[in-house]
1. Kindly establish whether Cys204 is part of a helix (DSSP H, G or I), among the hydrophobic types (A, V, I, L, M, F, W, C) and touching a Leu at 6+ places or on another chain (Cβ under 6 Å).
2. May I ask you to list pairs of residues, at least six apart or on different chains, whose Cβ atoms are under 8 Å apart, with the first in region 7-19 being at positive phi and the second being part of a helix (DSSP H, G or I) and among the aliphatic types (A, V, I, L, M)?
3. Would you please name the residue that is surrounded by the most Cβ atoms within 10 Å (Cβ to Cβ), looking only at residues in region 358-377 that are of a type in the set (Val, Ile, Thr) and farther than 9 Å from Ala400 by Cβ?
4. Against the definition (modelled with pLDDT under 95, closer than 19 Å to Cys348 by Cβ and within 16 Å of ligand 2 (Cβ to nearest atom)), how does Glu36 come out, yes or no?
5. Filtering region 39-64 down to residues that are more than 27 Å from the chain's Cα centre (by Cα) and surrounded by fewer than 13 Cβ atoms within 10 Å (Cβ to Cβ), which residue is nearest to ligand 2 (Cβ to nearest atom)?
6. Return only the number of the condition from (1) within 16 Å of ligand 1 (Cβ to nearest atom); (2) part of a helix (DSSP H, G or I); (3) modelled with pLDDT of 90 or more that Asp76 does not satisfy.
7. Test Ser102 against the stated conditions and say whether it is more than 12 Å from ligand 2 (Cβ to nearest atom) and either of a type in the set (D, E, K, R) or within 26 Å of the chain's Cα centre (by Cα) (or both).
8. If you check every pair at least six apart or on different chains, which have Cβ atoms under 9 Å apart with a residue in region 375-391 that is assigned to a helix (DSSP H, G or I) first and a residue that is acidic (Asp, Glu) second?
Amino acid sequence: MSKHKNLHDLEDQIRQCVKCGACQAHCPVFAEHKREPAVARGKIALAHALLDQDLPLDERFVADMSKCLLCGSCFDKCPNLVPTDEIVAAARREIAERRGLSNFAKVVGQVVKRPGLMKIGLKGAGAVSRLLFRKVPQSSGLRLRFPAPWIAPDRVLPEIPTQTFRDRHPQFIPGGEGRPTVAFFTGCMLNYMYPQLGDALLKCLKFLDISVYIPPDQGCCGLPSITAGDGRTVEELAERNLAAFSQGEPHTIITACASCNIGMGRHFASLGERQAEIGGRVRDALVVLEREGLARKLARLPKKEQRIKVAYHDPCHLRTQGITKEPRALLRALPGVEFVEMEGADRCCGLGGTYSVYHWETSKKIGDRKAPGIEKSGAELVATACPGCMMQLQDIITRAGLPQKVVHVLELVARDLPE
Ligand code: SF4
Ligand code: SF4
């Protein structure tokens with residue numbers, strides 16, 4: 001039996017929508033489409049109609065339900081805290097159960113369930129990288145040379161690393177005696193595409209004498225399959241992560257990816273009691289580092305003469321959990337950084353997992369709204385706390401012809417730490 005809540009289980013929450021429309025002003029998709037089915041209120045009305053069997057599950061319904069980033073911005077601002085992202089995810093599972101998964105969702109499911117396949121794919125792409133991709137000089141990213149399914153030809157992709165993060169580090173790295181231990185949930189983008197972010201996190205933990213355990217059998221957080229409506233894959237991945245993080249002491253589990261944080265925190269926790277216990281221990285790395293006094297320690301280091309101007313982009317999956325102060329506190333404390341607030345820092349970048357694959361043109365429009373704020377800030381770097389946002393922001397910046405590079409806050413912190 002499925003552990004997921006279906007639309008019937010969410011009926012009370014669906015009925016809590018009072019149709020006030022407060023969500024409209026905060027929905028990035030509605031800002032582009034200006035159609036009621038694009039916003040939370042419209043999606044909840046569709047879910048309601050489906051429950052009452054007033055509506056066929058036709059192409060139009062499927063298309064309307066696919067137009068959501070699951071960013072949580074509406075939930076954040078809703079007076080009744082209607083969990084639209086959960087309701088949309090349940091509607092997508094219902095669609096998949098009745099009509100079958102899309103081909104893209106099937107491929108995503110196969111890939112995220114098989115870490116070995118991801119590694120082989122990465123190695124293969126790395127080996128023929130020059131043949132498949134061309135460099136984008138202004139961003140140090142890559143673009144496809146040939147058309148490929150589900151990847152827009154004008155999309156900037158990160159360079160392909162030669163080794164995954166988990167392959168280049170031991171399972172346990174001891175810190176100081178009497179100091180805390182954390183377990184690290186690496187997530188796929190960090191492990192396979194941005195291993196340097198994990199290296200930066202390890203350097204920060206070492207500076208604070210914190211021990212770190214990296215469970216080798218951990219899997220994907222499941223968010224790509226949640227967005228694709230593939231409930232079975234999500235449950236399989238949850239079983240793997242349950243086993244990987246049930247061993248040993250119940251340490252705090254840290255993530256360095258905003259989407260993994262919501263995937264392993266909120267979504268995983270909704271699948272059962274044991275999952276709730278583990279999900280309840282998930283914290284963003286920047287929150288843990290800040291609480292362990294890293295910003296205070298950094299502020300005591302002598303300021304550098306040459307400081308880089310850095311702006312910060314709030315990933316929706318952290319912002320909607322109220323995690324906005326910690327990344328800024330760390331950036332402000334850095335001796336080599338001059339932090340500048342930018343206009344629209346809290347605006348969604350438009351990635352949204354499968355959303356940017358199905359709705360690339362709208363995803364680009366949502367993202368492009370960030371460009372003026374980045375330009376006006378005068379920052380040389382845009383820092384954020386999510387590998388997915390990093391990829392999307394670099395794409396936005398390159399398309400706008402701006403000079404900025406995108407980095408993770410952890411990379412800047414690690415760069416300024418004494419050796
Ligand atoms: S989802 Fe919330 S904010 Fe939007 S119309 Fe319903 S009650 Fe209002
Ligand atoms: S989750 Fe985001 S994209 Fe989806 S309806 Fe809410 S605000 Fe709009």
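The values are calculated or read from the model by the stated rules, or taken from the named source; none is laboratory data. In this text the structure is predicted, and so the values were computed from the model without any measurement. Ideal geometry is used to build each Cβ from the backbone, glycine not excepted, and the neighbour counts take in all protein chains shown.
1. Numbers: part of a helix (DSSP H, G or I): yes; among the hydrophobic types (A, V, I, L, M, F, W, C): yes; touching a Leu at 6+ places or on another chain (Cβ under 6 Å): yes.
Against the criterion (part of a helix (DSSP H, G or I), among the hydrophobic types (A, V, I, L, M, F, W, C) and touching a Leu at 6+ places or on another chain (Cβ under 6 Å)), Cys204 qualifies.
2. Lys19/Ala45
3. The initial filter retains those residues of region 358-377 that are of a type in the set (Val, Ile, Thr), namely 362, 366, 374.
Still in the running and farther than 9 Å from Ala400 by Cβ: 362, 366.
Working: Thr362: 21, Ile366: 25.
Checking each candidate, the answer is Ile366.
4. Details: modelled with pLDDT under 95: yes; closer than 19 Å to Cys348 by Cβ: no; within 16 Å of ligand 2 (Cβ to nearest atom): yes.
It is false that Glu36 is modelled with pLDDT under 95, closer than 19 Å to Cys348 by Cβ and within 16 Å of ligand 2 (Cβ to nearest atom).
5. Arg60
6. Exception for Asp76: condition (3).
7. Numbers: more than 12 Å from ligand 2 (Cβ to nearest atom): yes; either of a type in the set (D, E, K, R) or within 26 Å of the chain's Cα centre (by Cα) (or both): yes.
Yes, satisfied.
8. Pairs that qualify, where the first residue is assigned to a helix (DSSP H, G or I) and the partner is acidic (Asp, Glu), are Lys376/Glu343; Ser377/Glu341; Ser377/Glu343; Cys389/Asp314.
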